[in-house]
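Notes follow the structure.
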Amino acid sequence: MRLIPIALAAALLATAGHAQTPPEPARWIATWTYPPVSNVGPAVPPSPPNPNDVRGPLGPTTVANQTVSQTTTISTAGDRIRIRVSNIYGAAPIRLGAVRISIGDGAPVPVTFKGADGLTLPAGVPFLSDPIALPVRALDRVTLSIFYPDQTTLPNHRLRQVVRDGDATGQPLAPDAPRLRTGALATGIEVETTAPTRVIVAFGDSITEGTGSLPSGPGGWPERLAERMAGSQWAVVNAGVGGNRLLHQGSGPSGLERLDADALAVPGAKCLILLEGINDIGRPARAEYAHETVTAQDIIAGYRQIIARAHAVGLRVVIGTIPPFEGANYFSESGEAIRQRVNLWIRTSRELDARIDFDRVLRDEDGGRRLRREYQSGDWLHPSDAGYTAMARLIPEGVCEPNNGDPPGVGVPPFLD
């Protein structure tokens, strides 16, 4: 007779235990980012367009009665999607006449803001679209088209896009449509998901953004890492900005200045992989930047600021060693000495959560001051597609997992080399 109450109690306990583990609530996380960039910093003579630039020709800086379309790869799945646009560095409002989005070869669907087609985006303002009932999968190709009815100055940060006359947002892109490097108003794509997906923010300069990678490839090392992690509980977004420096403005705000908006506030962010410092080291070799000379201790102090600020909001911090740059147009012996001292700190510090020895995998065997020939894209600074692949392969899928359950900033950082 006593078996019945015992069985009943067990069933009640099981029911209670089940009730304590409800399904994950739906939440929004980043699946693609593209940081906005201002023109702050020293005034320098503009570089003439390079007809052999592997990224493709430059596009217009202003458009009028034209549609600008970008195609990007997202890094994680979701049940709904929304777009972030930004006029944060703009001097005047921007009117979006129509916005549409498509997945793969699917038909474009409208993107609305405040329930209406189009949006007037005030100067200095970012804005989220309304959620779109459009399920997506990891590594889906997403095309976003924006129609600008008025003469509009596009943002400074450029990516490869298609420019078409009139409102072409409802028309599919031709596979052979010419792509020009043109400013992008969209700065993020987010997905709504109930999966326990966390976000890795790859933060740095052009070596993180992917300069030197051929247009036919997947992009830089963050995109290649995202491919490897597709289907895992980690998404990867690329917050690299070409020319960015950790400590000074120029090619946009400094790394320390943009850290909060471009990394710590990214929805779902739980880990930061930092690769930055080569522009801080190299640019002072040029006359126009000579007044911004830095030391190894300056860069290390910048790293410590990032570690402290990221740990304060619960992000783990992984730092990559700075690759070699002998042969680059701003190489100097004093800069090489700074790079070596900074890398020694990265390799030995107990303040970060993990480290990745990019320098070791990319450097040649003859002194280690140059990139391996097959890993450089032609300027002895930016890796080639083979170099970016080697960087991504070096990073284990567990790069951002806690060490023995330790919270950020606790434990001995592993050597991920």
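Say each of residue 337 and residue 79 gets a label point 7 Å from the Cα, pointing the same way as Cα to Cβ; how far apart are those two points in nm?
Reported label-point gap for residue 337 and residue 79 is 6.0 nm.
Output the relative contact order of region 196-417, whole-number percent, from Cα pairs under 8 angstrom with separation of 6+ residues.
On the way: 453 pairs, mean separation 47.9, N = 222.
Relative contact order for region 196-417 comes out at 22 percent.
How long is region 190-250 along each principal axis, judged by its Cα atoms, biggest number first, in Å?
Answer, in whole Å and largest first: 40, 29, 15 Å.
So if each residue of separation counts as 0.36 nm, and I subtract the Cα-Cα distance between residue 288 and residue 65, what length gain in nm does that give?
Taking residue 288 through residue 65 to full extension adds about 76.4 nm, to one decimal.
Using just the helices of the chain, give the 222 nm mean residue ellipticity in deg cm²/dmol: DSSP H runs with n ≥ 4 each add -39,500 (n - 2.57), and the total is spread over all residues, rounded to 500. Let's see the in-between values first.
On the way: 9 runs with 88 residues, N = 417.
For the chain, the value works out to -6000 deg cm²/dmol.
Kindly identify region 268-390 as rounded, prolate or oblate by the Cα gyration tensor criterion: order the square roots of the eigenvalues as a ≥ b ≥ c, call it rounded if a/c is under 1.5, otherwise compare a/b with b/c, prolate if a/b is larger, else oblate.
Values: a/c = 1.93, a/b = 1.30, b/c = 1.49.
It is oblate, given that a/c is not under 1.5 and a/b is not larger than b/c.
Computed FRET efficiency, Cβ-Cβ of residue 27 and residue 369, R0 41 Å: what is it to the nearest 0.05?
Values: r = 46 Å, r/R0 = 1.13.
About 0.35, to the nearest 0.05.
Give me, ordered by chain and number, the residues 5 or more places off residue 376 or on other chains with an amide H under 5 Å from its own placed amide H.
384
Under a 5 Å amide H to amide H cut-off, with H placed in plane at 1.01 Å, what residues pair with residue 130 once short-range neighbours are removed?
Under 5 Å from the amide H of residue 130 lie the amide H atoms of 112, 113, 114, 115, each far enough along the sequence or on another chain.
Using the charge dipole of region 142-221 (Lys, Arg: +1 at Cβ; Asp, Glu: -1 at Cβ; taken about the Cα centre), state which of 159, 213, 170 has its Cα farthest towards the positive end.
So the residue we want is 213.
Could you list the GluC sites (Glu not before Pro) in region 193-244 that lie in coil according to DSSP, counting only those with at most 14 other Cβ atoms within 10 Å of their Cβ? Could the numbers behind the result be given before it?
Details: sites: 209, 223, 227; in loops: none.
Here no GluC sites (Glu not before Pro) fit, given the DSSP loop and packing criteria.
In terms of modelled amide H atoms, which long-range or inter-chain residues lie less than 5 Å from the amide H of residue 254?
So residue 254 has HN proximity to 249.
Using the Karplus curve 6.51 cos²θ - 1.76 cosθ + 1.60 with θ = phi - 60°, what ³J(HN,Hα) values do you get for each residue of region 367-379, in whole Hz, with x for Gly and Pro?
x, x, 9, 10, 5, 4, 3, 6, 9, 10, 8, x, 10
Can you list the HN-Hα couplings for region 274-282, worked out from phi with the Karplus curve (6.51, -1.76, 1.60; θ = phi - 60°), rounded to whole Hz and with x for Gly and Pro?
Taking θ as phi minus 60°, the curve returns 9, 9, 7, x, 5, 6, 4, 6, x Hz for region 274-282.
Spelling out what I want: for every residue of region 295-301, take phi, set θ = phi - 60°, compute 6.51 cos²θ - 1.76 cosθ + 1.60 (Karplus), and round to whole Hz; glycine and proline get x.
Along region 295-301, the couplings run 10, 4, 5, 4, 5, 4, 4 Hz.
As a test of the definition: which semi-axes, in Å, follow for the chain when you take the square root of five times each eigenvalue of its alpha carbon gyration tensor? Largest first, please.
36, 32, 19
Give the peptides 319-326, 383-390, 168-175 in descending order of average Cβ contacts within 10 Å, highest first.
Values: 319-326: 25.2, 383-390: 21.2, 168-175: 15.2.
Sorting 319-326, 383-390, 168-175 by mean packing, highest first, produces 319-326, 383-390, 168-175.
Bear in mind these aren't lab numbers, they're just calculated from the coordinates by the rules spelled out. Note that this is a predicted model, so its numbers are computed, not measured. No Cβ is skipped: glycine too gets one built from the backbone with ideal geometry, and neighbour counts run over all protein chains shown.
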